[in-house]
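Just so it is clear, none of the values below were taken in a lab; they were calculated from the coordinates. Model, not experiment: these values are computed from the prediction. Positions of Cβ are generated from backbone atoms using ideal geometry, with glycine treated the same way; all protein chains shown enter the neighbour counts.
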Amino acid sequence: MIKQFTLSIALLLFWKIDAHTQVTQRNILGNKYSLESVKQALVPQNRFKPYPKTTAEWKAALPDSVITKTIKAGEAVLDYKFEPISATLSLDFVRSGDRERHSKISFGKRNALIDMVLAESIEDKGRFTEAILNGVWSICEESFWGVPAHIGGTGLPNVEDRIVDLFAAETASVLAFADYFTGEKLDKINKLVRKRIYYETNNRIFEPMLKNPDRYGWMSKKNAVNNWNPWIMSNWMTANLLLEKDETRRAQSLYASMVGLDLYLNGLGEDGGCDEGPSYWFAAGACVFDCLELLDESTKGKVAIYDEPLIQKMASYVYKTHISDDYFVNFADADPKLKPDGIMLYRFGQKINDPQLKQFGKWAVEKYPAAISNNGFHRMRKIQNLLTVKNIEPAQNSYEPVKNAWFNDIQVLTTRAANGFYMATHGGHNAESHNHNDVGDFLLYANGEPVIIDAGRGNYTARTFSSKRYELWFTQSQYHNLPIINGLGQIAGRSYEATNVKSTVNDKESSLSMNIAPSYDKEAGIATWNRTVKLNRAKNTIEINDDYALNQKPNSLQQVFMTVCDIDIATPGKVILKTWKNQTVTLQYDPKLWSISTDLPSTDGMEYVSFKTKWDNHPVQRIILTNKALAQKGKYGFVLGMN
């Protein structure tokens, strides 16, 4: 089973583990604090009261509107049926590649339980207790708390070999909250219930994490790790702090999770960039913040690293990649749209004294108020959000989007023009976490509307995290804003990268120049391919210039642009792109050099069906320019301007 699971994690993270062989051994937490200092600072479990537990405490902490909403959320699932996870359901993943049926039941049970637990704790009338009992027992009876995609292709778990994945860790914190908020009431029904909570959590999370954490790729000391690490650390910390009564072991586990969190921080570059993208930042950088809050609260401020420059830079990434409204830069698997958790951002900004992050958080709260208590994962974050609603400063929000940002560590440039253009581009390599083969890609938005896009990812299935990943069109460079040379695109792997990368940001331009030749299949026959993506501030235009040399005259040469705009190609030399709100952007090309066509990528199949609705029901289209004057060496350019 160990061998099988290792294979699963290797497939899940294969582009990440190979991505950054260079890790900076900062070990911020491990070097600053010893196990002994943590033992001395740690508040004992029986005195650790981070959240309200009585109706009076809740009423003092929450606005009436939040109390009402939280109780109604519990009422909505009061009759929830906690279904068992059948063997057939678990086998869906290996039989068909589908993850949705299992996740719907598994995640639904945990969401229903936490809603009931909070409603009962606030209301304190016993209405939800029996349902909570059934929810706790049902989850404890499950053979595996995670998802079948994470157990190495068997579909069914080996109960003799407990595996810690994202959702097993999430489950541990859900049960810890059930114990914390309603444990005394469960004791009145039967004292075996809380014992079962601890037994299962200890067996499935605490023991594996203390005895053999090195088996997991997301605990690698040699290679950079992705969002799995801080996501799991935050839940391990939560469950340990709330459930573990052995104070020596509690301190050991907390210190082990601190050292574990160091592994994620060690893998970040000096600019704190998140190569997984903003939507994954909320499961990565934001989870780091969840961990730091738990450390701060459980030691009464004696373990705190908010003033570390790396933490400050990591936090700023999220607003530096904000485009407009709910659009964010979405290279790789990141989603183009997300409703940011404003209260969490505000809290983070407060703790690190970042006024821009605080204002961004306040803007998000005002723009997307429902996001403050959404029901997803990271429940410790949700509870902290609820407790912060009353404390947001009423002063007028003054959020101003960042004009320019350059992340040297992940080679991402973002910039804005006076006419409302927003451009983002990047170099990097093709082994980044959640990688797409997209070195040299760029995005363009006009006054907050998508014009030239990264299509994003499809639904996650068995193929998404396997050796067949790059059979999916949305991962291929041929479906990004890049050239196709001799019919070939880029290749996945750490050595397929941009070289000679240079960013320029001044009053005249914001640009990124790079040689993208090394990112392509060697069979493409490229000697050099120097690409510059530039915002020309004098003209308020975006200019794409390619200067190339091939080993011989090519058989074919094409340039792709991806869009969700309406396309008019009737006029030679111009592509008229009309946005959803009828803005017009013109893509200019030389009609003597290029012929033009368009196509629609597939939306059939489990991986692709989400593209039917992903971009507000506008189809993703591909513009293909085919070179008519093939030459071994050449220069050409394209210009995008607003009409």
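Note on K578: lysines with a C-alpha under 21 Å away, same-chain residues under 8 apart excluded, are K337, K539, K612, K614. Note: relative contact order over the chain, using C-alpha pairs below 8 Å and six or more positions apart, is 12 percent. Of all aspartates and glutamates in the structure, those lying under 12 Å Cα to Cα from K49, and not within fewer than 8 positions of it along the same chain, are E57, E297. The range 404-642: percent of C-alpha pairs farther apart than 21 Å? Value for the range 404-642 (Cα pairs over 21 Å): 56 percent. Be a star and scan the range 391-424 for residues whose amide nitrogen sits under 16 Å from the point 7 Å along the Cα-to-Cβ vector of D507. In the range 391-424, the label zone of D507 (backbone N under 16 Å from the point 7 Å along Cα→Cβ) covers 418.
In terms of distances greater than 29 angstrom between alpha carbons, the cross-link table entries K508/K628; K534/K628; K468/K502; K300/K390 yield K508/K628; K468/K502. Pairs from the list K72/K104; K32/K109; K367/K581; K59/K191; K69/K362 with a Cα-Cα gap above 31 Å: K32/K109. Protection proxy ranking, highest mean first, for peptides 67-80, 470-483: 470-483, 67-80, where packing is the per-residue count of other beta-carbon atoms within 10 Å, averaged. In this calculation the C-beta distance from D409 to K553 is compared with R0 = 35 Å, giving a FRET efficiency of 0.35.
Can you give the alpha-carbon Rg of the range 306-397 over 2.2 N^0.38 Å, where N counts its residues? In units of the 2.2 N^0.38 Å rule of thumb, it is 1.05. Spacing of the modelled spin labels on T248 and L210, each 7 Å from Cα toward Cβ, amounts to 1.0 nm. Cross-link reach is defined here as a Cα-Cα straight distance under 13 Å, omitting same-chain residues fewer than 8 places apart; for K195 the aspartates and glutamates meeting it are D179, E184, D187, E244.
Segment D616..D599, full-extension length gain: 4.2 nm, with 0.36 nm per residue of separation and the alpha-carbon distance subtracted. Modelled this way, with points 7 Å down the Cα-to-C-beta line, the labels at K191 and N540 are 7.5 nm from one another. Across all directions, the average flat footprint of the convex hull enclosing the Cα atoms of the chain is 27.9 nm². Gain on full extension, evaluated as 0.36 nm per residue between K522 and V94 minus their Cα-Cα distance, stands at 150.6 nm.
Enter the angle in degrees (range 0 to 90, nearest 10) between the Cα long axis of helix 2-12 and the first principal axis of the Cα atoms of the chain, meaning the one along which they spread out most. Tilt of helix 2-12: around 40 degrees. Taking Cα atoms only, the orientation of helix 285-298 departs from the longest principal axis of the chain by about 20 degrees. Would you mind checking the tilt of helix 166-189 against the longest principal axis of the Cα atoms of the chain, expressed as 0 to 90 degrees and rounded to 10? With rounding to tens, the tilt is 20 degrees.
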